[in-house]
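Okay, so here's the structure we're looking at.
Computed from the coordinates by the stated procedures, all read-outs in this text should not be read as laboratory data. Just so it is clear, the model here is predicted, and its values are computed rather than measured. Note that each Cβ is placed from the backbone with ideal geometry, even for glycine, and that neighbours are counted across all protein chains shown.
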Amino acid sequence: MAAVLAAVTALVSGCSTTADSSTGTKGYISGNGAVSVLSPNDRPDAPSVKGTLLGGGTLDVSTYADQVVVLNAWGSWCPPCIGEADDLVAASKALPEAAFVGLNTRDKSAEAEAFVRRYDVPYPSLVDQDSELLLLFHDMVNLSSVPLTIVIDADGKVAAVINGATTKTTLVDLVEQIQAES
């Protein structure tokens with residue numbers, strides 16, 4: 001319980017939309033884009049991720065069993081998320097055999113839906129306003145920065161994490177590498 005409380009504290013303080021000493025004047029913390037890939041023998045099981053979809057309905061990520069899943073935590077308020085949006089859309093189109101799912105955090109529905117329309121995002125996003133779904137990964141990723149991309153291999157294990165904004169090239173190469181390992 002202490003680990004979860006520490007993760008919640010880090011997430012709440014790290015992703016604040018108001019300026020403080022940890023965020024400077026930006027009001028958010030952005031990762032450096034570092035890619036961490038776990039060897040197949042060291043990959044932890046991914047937690048069960050399911051919830052309400054932006055725009056209605058529900059999704060259980062386990063329905064993508066036997067596929068590589070790309071989970072991207074994003075917010076319309078986040079400049080690095082805006083910066084990577086076109087690359088994520090392009091990567092999802094270049095990787096039709098992979099499943100892409102957004103984890104929309106701390107947005108009002110109207111703002112998130114406008115973002116999805118503006119960038120023509122073709123994949124679903126789970127509503128994660130309180131970051132409860134992202135917190136499921138508290139012992140696997142740095143929760144204090146958004147965007148954050150988690151790649152789950154076809155065996156349901158966390159295979160890689162991108163801490164910060166990514167590019168189409170990085171994501172396509174990474175997913176293809178993970179797919180080749182299966």
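Checked against (1) assigned to a loop (DSSP other than H, G, I, E, B); (2) touching a strand residue (DSSP E or B) at 6+ places or on another chain (Cβ under 6 Å), G102 passes all but condition (1).
When T166, T105 are screened for being in contact with a Leu (Cβ under 7 Å, 6 or more places away or on another chain) and β-branched (V, I, T), only T105 passes. The residues of the stretch 79-90 that are over 22 Å from E176 (Cβ atoms) and under 13 Å from the mean Cα position of the chain (by Cα), listed by number, are P80, C81.
Scanning the stretch 37-73 for residues that are of a type outside the set (A, V, I, L, M), in a strand (DSSP E or B) and within 14 Å of the chain's Cα centre (by Cα) gives K50, N72.
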